[in-house]
Amino acid sequence: MPKAKLDAALCLTARCQEGKKRTDYWDTSISGFVLECRASGSKAFVLRYTNEYGKQAQRTIGMYGDITFDQARRVAQRWRSEVVLGGDPAAKKAEKKAIPTYAELARQHIAHNETYQKTPHNTERVIRCHLLPKWGTMRLDEIKSQAIATWLAGLRKTLAPASIDKVRVTLNRSFELAAKWGIPGAQVNPVRAVPRTRYNNKKERYLTAEEAERLVAACKESANTQLAAIVQLLLLTGARKTEILTARWSNVDLDRRTLYLPQTKNGKPRHVPLANAAVEVIRSLPRWDKCDWLVPSPLTRKPFTDLKRPWDTAREKAGLPDVRIHDLRHSAASFMVNNGVDLYAVGKVLGHSSPDTTQRYSHLSNSTLLSAVEAGAAKMQLT
């Protein structure tokens, strides 16, 4: 193995010895700095060293001709310093190559969601429609906070604030999972440095008794023969739409006037009390053989997956175009509160896991109390 003080002139004239596939020229000034000359005529600068585990390792600096001798020498000196301080240039390169693209991480994220989420398709849609087109081909360490912030700001032209926040949360979750799984390139989560956009997405819309009556009447004229019963049960129980659509006859106890919900949004099962009016609605429901769903589609005998068209038609007909299906749950709470039911009891009926969630209805009880004192003051006629 020829040893010499490598310089530009030697590198220019060095050749592979005849009869050999490769000849190595070792530099005498930088330990492990080598010029490899192959029989094909190609030359490469490399650094060879012993890593922290006592094993021989090497990393290619560059091909002669692509970089100059001086450039190669500076890199060799830097890498040699890393080795002396306990580093491993080859391992660093291997780790860099092991960093996956976001598309690879996204596949793992989606697969993970399917193991525990009730509606994993929601996250999958955000990843497929927004995150993959923008970041899919980039490696994780290439995705920077400033680029994310700029991109999210641009989405304001086409997406609502809540949708943008969902995109940000999903990307953040991807990096959190990557860090948890020890995936290279995810040691730093770039999304954390991007502040969340503050917005108020809570819409408070409560039906009056007259509006509720109008809405039910419009639903009874719907081509969807189950719509009126679904809307009535939502108003009478305060249950969520999915809870009613997936309710089963086997979980209804009309004697005890309860509807058992084995799966709810907060993950805890609960019993929904049934008012007499709700019992009457349930008694009037049609039943089919070998079908345990409470309000299924008469055509498929399975739960409805979408009520958008019949719901939009009914609310327009009732003159209530701004009312959402979830507002029926809010309205159920408002009717209870305005009739003197305390917030704790309302929270139990609605299945709230925290009293703070029910607190949004406190202004309704205050309004009721105000009406009470006004009635009392009018009766006394002190002024």
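The values are calculated or read from the model by the stated rules, or taken from the named source; none is laboratory data. Since the model is a prediction, treat every value here as computed from it, not as a measurement. Glycine gets a Cβ as well: all are built from the backbone with ideal geometry, and neighbour counts include every protein chain shown.
For the reader, a short list of remarks on this structure follows.
- Residues of region 39-83 satisfying the condition of being aromatic (Phe, Trp, Tyr) and surrounded by 13 or more Cβ atoms within 10 Å (Cβ to Cβ): Phe45, Tyr49, Tyr64, Phe69, Trp79
- Subset of region 121-146 (residues that are touching a residue at least 24 places away in the same chain (Cβ under 8 Å), more than 16 Å from Gln108 (Cβ to Cβ) and part of a helix (DSSP H, G or I)): His130, Asp141, Ser145
- Helices (runs of 4 or more DSSP H) contained in region 1-98 and holding at least 3 residues β-branched (Val, Ile, Thr): 69-84
- Gly182 meets all of the listed conditions (1) under 28 Å from Cys129 (Cβ atoms); (2) of a type outside the set (Val, Ile, Thr); (3) outside the structural domain of Phe335 (by TED's automatic domain parsing) but one, namely (1).
- Residue selected from region 299-312 under the condition surrounded by 13 or more Cβ atoms within 10 Å (Cβ to Cβ) and under 16 Å from Leu328 (Cβ atoms), by the criterion farthest from the chain's Cα centre (by Cα): Pro310
- Filtered by the rule that a residue be of a type in the set (A, V, I, L, M) and either outside the structural domain of Arg309 (by TED's automatic domain parsing) or in a helix (DSSP H, G or I) (or both), region 226-240 gives Leu227, Ala228, Ala229, Ile230, Val231, Leu233, Leu234, Leu235, Leu236.
- Subset of region 321-332 that is of a type in the set (A, V, I, L, M) and buried (at least 18 other Cβ atoms within 10 Å of the Cβ) - its residue that is farthest from the chain's Cα centre (by Cα): Ala332
- Of residues in region 161-187 being in contact (Cβ under 8 Å) with a residue 40 or more places away in the chain and outside any helix (DSSP H, G or I), the one farthest from Val323 (Cα to Cα): Pro184
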